[in-house]
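Asker: Before I ask anything, let me first share the structure, which is written out below as structure tokens.
The values are calculated or read from the model by the stated rules, or taken from the named source; none is laboratory data. These numbers were taken from a predicted model, which means no experiment stands behind them. In this analysis, Cβ positions are derived from the backbone assuming ideal geometry, glycine residues included, and neighbour counts consider all displayed protein chains.
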Amino acid sequence: MSTNRVEIVERNLDAYLASAKPAATQLPPDAPLRRGSHLTARKAVELFEDQVLSRALDVAARELKKTGRSFYTISSAGHEQNAAIGAQLRSTDPAFLHYRSGAFMMSRWRRRAGSTPLFDTLLSLTASRDDPISQGRHKVWGSRPDWVPPQTSTIASHISKAMGMAWALPRARRLAVDSGLPMHSIVACSFGDASANHASALSGIHAARYIRRRGSPVPILFICEDNGRGISVKTPPRWIQDSFSHLDYLDYYGAQGEIDEIWDTARQAILSCRNTKTPTFLHLRCERLWGHAGSDVETAYRSLEDIEEVESRDPLLRNARRLIETGAATPLELAAIVRDTRERVRAASEEAAARPKLSTLAEVIAPLAPYDEDRCRADAIRSAPPERRAELFGKRFPEEAHSATRRTMAAHLNAALTDEMAKRPETLVFGEDVGKKGGVYGITRGLQERFGEARVFDSLLDETTILGVAQGAAHAGFLPIPEIQYLAYIHNALDQIRSEASTLSFFSAGQFTNPMVVRIAGFAYQKGFGGHFHNDNSIGALRDIPGLVLAAPSRGDDAARMLRGCLAMAHVNGRVVAFLEPIALYHERDLHEEGDGLWLTDYPAPDGSEESVLLPGEVRCYGPEEADLLIVSYANGLRLSLQAAKRLEDEAGKRVRVLDLRWLNPLPLAALAREASRVDRLLVVDECRATGGGIAGDLISHLVESDYPGRIRSVRAADSFVPLGTSTAAVLVGVEDILEGAREVLS
């Protein structure tokens, strides 16, 4: 059915052009299509050329798929009027686009000398490694020179980061951070009418309005391309208009009718957005031809009469009629454009399909997790000027020997954030309650006073917005340090890390990155307070994300060193990092007994030494090298393991060595192998849930597959949500559980 309807739509256009009569008077090239319009005859013909090229590429995708040489058939057919927007936005207006943006991109590429939109699109459709944006990893619309970061197919999840970039651009100018974009750039973001119902879409649009209400500029153009359907589900009539046309702090423009009317409405919306810096909603009426994709059989849910009615409103057919009737072009001129374009696409299709594909694992994952250890270390050990530190800390630096320097993890994190913000003027710290309050646990206390509200600020209560702002700010030249109050809360917005932030480098072959260090208060052991939502002990969803760095400090000095390393990885290699801070250890002072102060540490001075930073793979060991047992753990589990190790030594005379992993993704497997080779008894203490929640399974499988000859056991938390009160002890790992596991593996 799909192929036949493609042929029918093409024949309809050909038949009209063959039978149409030219207008009695031809318009001069620079004359408007109608009195008062800003669309000239010349530009209207160019738009038609771009739209025909987009359509021909959609046809080629389906033809190539028949022979297994194309791998993507979601087309832009019926949405070609978005060319009127692509042609009017500047190439320095970043564009976050959904998948029906073919004509938009053809018009945008037209303006850059030397661009090859026809062949580049075919390379993308055929998954060729010569594709200039993704190198064959995905069919995306994207271009580094044209400021189009590639988007995945996740529904509306790109809207929050587009909003974040629109918020960040004016702030970058205010803080003298180089965004690489001129002063009056705006951000464009397109999506479909069905996607407009998604929580991610509503979150992004709401946040833009909220931020504008608070007085900050948000120059974003939301482009809703309304074709009336989400695959098979109809959008109610007037739903988009009724939902968005009346909202405060959102300027609404409805674009429909002839191509010159759409052009003029788009022009008004773009100019208004650029001049007022107010979120602007451009509602573009579209059609959807040929189903959702090549595999979508429309007759399963639409009548033939309905399909034919939509085809009669084909924008190419309508635009051809408009150009001919106004005298902007003759039927012969338009027919020649159609014929020549189709022939060029057919000829180029064969060449593109023959181009090489990615074939090895190394090729595929090359941009996934770039890491230059030497450059990262050099960047991490760099410190702020002493005079700047003195200005921020006062007469005594936190590491100075003559002061009471042994401090908790919370104090060290606060000092490390101060140092990093002093040395990196592009850093931003934000999240719920991080400003005057200083965070729920006081980690950001005093930062807003030191660095101002432009760099340390409270967000609205929405994790999707927090992570969207982080991505957008990173696009604008910032190095964001967003805070998520609790680990359980990040699941509200995990798609922003999984499908957006962590995929960007992969799908752009490293041409776009959104570096950030996401601080997350996590893990459990709050002595019964808070229940599950403040004691989440599952990191499986984060460890499942390719390329995401996952850091988990267990002591204050380590936390400071690791934070420096993480920010260096973000800055140097554009990495996305989740920095998991154990809530129970923020203010912990003691190790074995009350008042011993053994969990307090000195602040590691940012003195330019290699010892002042930590990077992935660098672990810490406690206890003798020659031991009866090696315990492997992290975060809260480390402290509990050290307590258990002392009891084993005191009560049974066992020598125990304890390994702190520090890094949970990538796991420090080389260090594990090195330490495991010294013992024949090994216990993994994993404070996360037993099944898929933590790291024990991966560590043990690695040891087994590496032919570790000794005995291995693990202690893990129960597969349960964390309850309230003293019953937490029944769910979580405790010292007695570790002792029981150790005795078993030692027996």
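Asker: Taking segment 215-244 as the region of interest, how many residues are under 18 Å from residue 281 (Cβ atoms) and basic (Lys, Arg)?
Answerer: The total comes to 1.
Asker: Could you check segment 605-625 and list, in sequence order, the residues that are within 19 Å of residue 660 (Cβ to Cβ), in a loop (DSSP other than H, G, I, E, B) and either under 32 Å from the mean Cα position of the chain (by Cα) or at pLDDT 95 or above (or both)?
Answerer: So the first thing to find is which residues in segment 605-625 are within 19 Å of residue 660 (Cβ to Cβ), and the list is 610-625.
Narrowing further to those that are in a loop (DSSP other than H, G, I, E, B): 613-619, 623-625.
613, 614, 615, 616, 617, 618, 619, 623, 624 - these are the residues of segment 605-625 that are within 19 Å of residue 660 (Cβ to Cβ), in a loop (DSSP other than H, G, I, E, B) and either under 32 Å from the mean Cα position of the chain (by Cα) or at pLDDT 95 or above (or both).
Asker: Can you name the number of the only condition in (1) farther than 24 Å from residue 231 by Cα; (2) touching a Leu at 6+ places or on another chain (Cβ under 8 Å) that residue 109 fails?
Answerer: It is condition (2) that residue 109 fails.
Asker: Pull up segment 660-688, narrow it to residues that are of a type in the set (Lys, Arg) and surrounded by fewer than 22 Cβ atoms within 10 Å (Cβ to Cβ), then point me to the one that is nearest to residue 579 (Cα to Cα).
Answerer: Restricting attention to segment 660-688, the residues satisfying the condition of being of a type in the set (Lys, Arg) are 662, 674, 678, 681.
Keeping just the survivors that are surrounded by fewer than 22 Cβ atoms within 10 Å (Cβ to Cβ) gives 674, 678, 681.
On the way: 674: 25, 678: 30, 681: 31 Å.
Filtering segment 660-688 for residues that are of a type in the set (Lys, Arg) and surrounded by fewer than 22 Cβ atoms within 10 Å (Cβ to Cβ), the one nearest to residue 579 (Cα to Cα) comes out as 674.
Asker: If you don't mind, there's one more thing I want to ask. Quick one: in segment 279-294, which of the residues that are in a loop (DSSP other than H, G, I, E, B) and among the hydrophobic types (A, V, I, L, M, F, W, C) is nearest to the chain's Cα centre (by Cα)? If you could, list the steps in order and put the result at the bottom.
Answerer: Step one: of segment 279-294, the residues in a loop (DSSP other than H, G, I, E, B) are 279, 286-294.
Then drop every residue that is not among the hydrophobic types (A, V, I, L, M, F, W, C), which leaves 286, 289-290, 293.
Numbers: 286: 28, 289: 30, 290: 31, 293: 25 Å.
Looking at residues that are in a loop (DSSP other than H, G, I, E, B) and among the hydrophobic types (A, V, I, L, M, F, W, C), I get 293.
Asker: Next question, about the same structure. Quickly run through segment 594-624 and pick out the residues that are surrounded by fewer than 14 Cβ atoms within 10 Å (Cβ to Cβ) and either under 15 Å from residue 564 (Cβ atoms) or in contact with a helix residue (DSSP H, G or I) (Cβ under 8 Å, 6 or more places away or on another chain) (or both). Break it down into steps so the answer makes sense when it comes.
Answerer: Restricting attention to segment 594-624, the residues satisfying the condition of being surrounded by fewer than 14 Cβ atoms within 10 Å (Cβ to Cβ) are 594-597, 607-611, 624.
Within segment 594-624, 607, 608, 609, 610, 611 qualify.
Asker: Restricting to segment 474-514, count the residues that are surrounded by fewer than 24 Cβ atoms within 10 Å (Cβ to Cβ), assigned to a loop (DSSP other than H, G, I, E, B) and in contact with a helix residue (DSSP H, G or I) (Cβ under 7 Å, 6 or more places away or on another chain).
Answerer: 4
Asker: Additional query: State whether one or more residues within segment 445-462 are part of a helix (DSSP H, G or I) and under 19 Å from the mean Cα position of the chain (by Cα). Give the derivation first.
Answerer: Initial filter on segment 445-462 (part of a helix (DSSP H, G or I)): 447-451.
Applying the additional criterion that residues be under 19 Å from the mean Cα position of the chain (by Cα) yields none.
No, because not a single residue in segment 445-462 is part of a helix (DSSP H, G or I) and under 19 Å from the mean Cα position of the chain (by Cα).
Asker: Could you name every one of the helices (runs of 4 or more DSSP H) located completely within segment 360-405 that has at least 1 residues being at pLDDT below 90 and in contact with a Gly (Cβ under 7 Å, 6 or more places away or on another chain)?
Answerer: Counting at least 1 such residues, we get no helices (runs of 4 or more DSSP H) at all.
Asker: Follow-up. Would you check if residue 75 is among the hydroxyl-bearing types (Ser, Thr, Tyr) and at pLDDT 95 or above? Reasoning before the result, please.
Answerer: Working: among the hydroxyl-bearing types (Ser, Thr, Tyr): yes; at pLDDT 95 or above: no.
Answer is no for this residue.
Asker: Which one of the conditions (1) out of contact with any strand residue (DSSP E or B) (no Cβ under 8 Å at 6 or more places or on another chain); (2) over 22 Å from residue 353 (Cα atoms); (3) outside any loop (DSSP other than H, G, I, E, B); (4) not small (Gly, Ala, Ser) does residue 52 fail to meet, given that it meets all the rest?
Answerer: (2)
Asker: Also: Among (1) buried (at least 22 other Cβ atoms within 10 Å of the Cβ); (2) touching a strand residue (DSSP E or B) at 6+ places or on another chain (Cβ under 7 Å); (3) closer than 24 Å to residue 159 by Cβ, there is one condition residue 427 misses while meeting the rest; what is its number?
Answerer: (3)
The rows are residues; the columns are (1) under 22 Å from residue 562 (Cβ atoms); (2) in a helix (DSSP H, G or I).
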site	(1), (2)
658	yes, no
675	yes, yes
682	no, no
698	yes, yes
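Asker: Right, something else. So if I check each of 393, 397, which one is of a type in the set (Phe, Trp, Tyr) and touching a residue at least 40 places away in the same chain (Cβ under 8 Å)?
Answerer: On the way: 393 fails: touching a residue at least 40 places away in the same chain (Cβ under 8 Å).
Within the list 393, 397, the selection yields 397.
Asker: Another one. Could you please find all residues in segment 424-472 being in contact (Cβ under 8 Å) with a residue 60 or more places away in the chain and among the charged types (D, E, K, R)?
Answerer: Residues satisfying the conditions are 424, 426, 455, 462.
Asker: From the residues in segment 243-278 that are hydroxyl-bearing (Ser, Thr, Tyr) and in a loop (DSSP other than H, G, I, E, B), which one is surrounded by the most Cβ atoms within 10 Å (Cβ to Cβ)?
Answerer: First, pick out the residues of segment 243-278 that are hydroxyl-bearing (Ser, Thr, Tyr): 243, 245, 249, 252-253, 265, 272, 276, 278.
Imposing the further condition that a residue be in a loop (DSSP other than H, G, I, E, B) reduces the set to 245, 249, 278.
Numbers: 245: 15, 249: 15, 278: 17.
So the residue we want is 278.
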